[in-house]
1. Looking for something out of contact with any Leu (no Cβ under 8 Å at 6 or more places or on another chain) and modelled with pLDDT of 95 or more - is there at least one such residue anywhere in segment 242-249?
2. If the Cβ limit is 6 Å and pairs must be 6+ apart or interchain, which residue in segment 368-385 that is assigned to a helix (DSSP H, G or I) pairs with which residue that is not hydrophobic (A, V, I, L, M, F, W, C)?
3. Inspect segment 139-156 for any residue being surrounded by fewer than 21 Cβ atoms within 10 Å (Cβ to Cβ) and at pLDDT 95 or above and give the result as yes or no.
4. Being among the hydrophobic types (A, V, I, L, M, F, W, C), more than 11 Å from the chain's Cα centre (by Cα) and at pLDDT 95 or above is the filter here; which residues of segment 38-60 pass it?
5. What residue, of LEU135, LEU216, LEU151, LEU226, is in contact with a helix residue (DSSP H, G or I) (Cβ under 8 Å, 6 or more places away or on another chain) and in the same structural domain as ASP82 (by TED's automatic domain parsing)?
6. Check TYR383, TYR295, TYR370 and return the single one that is hydroxyl-bearing (Ser, Thr, Tyr) and out of contact with any strand residue (DSSP E or B) (no Cβ under 8 Å at 6 or more places or on another chain).
7. Residue check, SER103 against (1) of a type outside the set (Val, Ile, Thr); (2) at pLDDT below 95; (3) within 25 Å of LEU178 (Cβ to Cβ), all met but one. Which one?
8. Those residues that are of a type in the set (Gly, Ala, Ser) and assigned to a strand (DSSP E or B), I need them from segment 140-156; list them, please.
Amino acid sequence: MTADTISPLLGEHPEDAAVLVLEDGRAFSGRAFGATGTTTGEVVFNTGMTGYQETLTDPSYHRQIVVMTAPHIGNTGVNDEDPESHKIWVSGFVVRDPARRASNWRSERSLDEELRAQGVVGISDIDTRALTRHLRERGVMRGGVFSGPALLEHGYPRRIESLVQEVAGAPAMAGADLTGEVSTPQAYVVEPSGPGAPHTVVAIDLGIKSMTPQRLAERGMRVHVLPADATITDIQALAPDGVFFSNGPGDPSAATHAVALLREVLDAGLPYFGICFGNQILGRALGFGTYKLEYGHRGINQPVLDVRTGKVEITSHNHGFAVDAPIGQEATAPHDGGRYGRVVVSHVGLNDDVVEGLECLDVPAFSVQYHPEAAAGPHDAAYLFDRFADLMSSGARSASGLSASDATDAASTKEN
């Protein structure tokens with residue numbers, strides 16, 4: 001853009017105008033959607049064609065402005081049954097064509113109404129395909145959505161430079177420790193809701209989605225959900241059969257408490273299962289590094305290879321960081337001279353060869369980078385909850401070979 005101010009972006013109806021500005025100076029014009037005002041955050045894109053309500057309420061999107069690549073959003077409205085948490089967590093929402101009316105028998109209100117009610121600033125009627133291509137080429141970056149009075153300064157359209165400066169002042173995702181901002185303030189219990197071994201599981205809430213403890217409870221487990229600042233004493237007081245670490249936002253390298261806590265869990269010999277952020281925390285607890293992906297994986301159609309079986313699973317993802325561990329070979333976990341023994345990369349992303357799962361061979365711990373609870377999304381990985389149950393029941397030193405991918409069909413039937 002060569003203009004000094006945003007005047008060319010306001011169009012014929014400046015009262016409805018909104019502008020998305022990236023930290024590299026690229027700007028997109030559109031219309032206000034949801035609340036009006038200013039919001040900043042890391043701009044990321046989600047390729048899912050369904051499940052926008054689950055996306056909005058996923059705590060892993062804390063401090064992120066989410067771009068939906070599917071063109072039509074809001075068709076099914078909003079209801080009170082599908083949220084993954086008690087509120088919308090995204091910093092901002094970007095869509096191309098918002099539905100003019102919601103049309104679904106479960107709908108209770110429109111998406112626009114929900115965004116307004118929760119004060120979420122959004123923008124519509126922009127070229128989300130061009131924006132996504134830009135983010136894929138340049139990498140995700142900070143951005144801001146501005147609408148209403150936020151577009152003016154002293155009654156005149158603001159200068160592009162001032163908007164870029166405001167965006168640049170927003171905190172970066174790298175180095176951010178955010179789990180304490182999204183975790184439950186108090187412990188709570190999800191009671192068993194289905195048949196299975198009556199295991200007691202402690203789930204550490206690093207940004208947990210509500211469907212996850214439900215999936216555990218469906219398999220007969222009593223789930224004690226504890227805050228992110230829980231201690232090993234808090235965990236052991238519940239005499240759990242296993243420990244689960246959830247998904248969550250932020251940079252795993254900054255989550256020092258979670259890493260230290262997981263090492264105490266491993267030292268105690270408690271079976272461990274982690275997903276998403278919980279996979280990155282296991283990687284760091286074992287002594288591997290983590291790094292930021294250029295634009296991350298966010299969607300419900302990501303192909304992942306189960307290295308042991310050779311089976312490909314279609315999975316649900318939401319992560320911008322990954323574990324730096326060797327693929328295709330058994331390795332000794334680097335931490336403290338290898339005190340946690342051998343580890344293998346169990347799952348690999350087929351789009352870019354990113355580590356999508358870890359499996360310890362000498363301690364009862366495993367994790368995956370994606371979301372086996374899959375709401376919304378495919379159920380290919382639902383067997384992993386059965387694997388966790390089998391790990392607790394068997395007393396095995398490793399999850400290797402327990403409830404492998406050939407259990408997928410039975411698990412999917414159970415989900416449906």
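1. Checked segment 242-249: no residue is out of contact with any Leu (no Cβ under 8 Å at 6 or more places or on another chain) and modelled with pLDDT of 95 or more.
2. TYR383/SER403; TYR383/THR408; LEU384/PRO372; PHE385/ARG215; PHE385/ARG219
3. Yes, the conditions are met somewhere in segment 139-156.
4. VAL43, VAL44, PHE45
5. Exactly one residue qualifies, and that residue is LEU151.
6. TYR383 is the lone residue from the list that is hydroxyl-bearing (Ser, Thr, Tyr) and out of contact with any strand residue (DSSP E or B) (no Cβ under 8 Å at 6 or more places or on another chain).
7. Condition not satisfied by SER103: (3).
8. Matches in segment 140-156: GLY143, GLY144, SER147.
The values are calculated or read from the model by the stated rules, or taken from the named source; none is laboratory data. From a predicted model like this one, the values you see are computed outputs, not experimental measurements. Cβ sites come from the backbone with ideal geometry, for glycine too, and all protein chains shown count toward neighbours.
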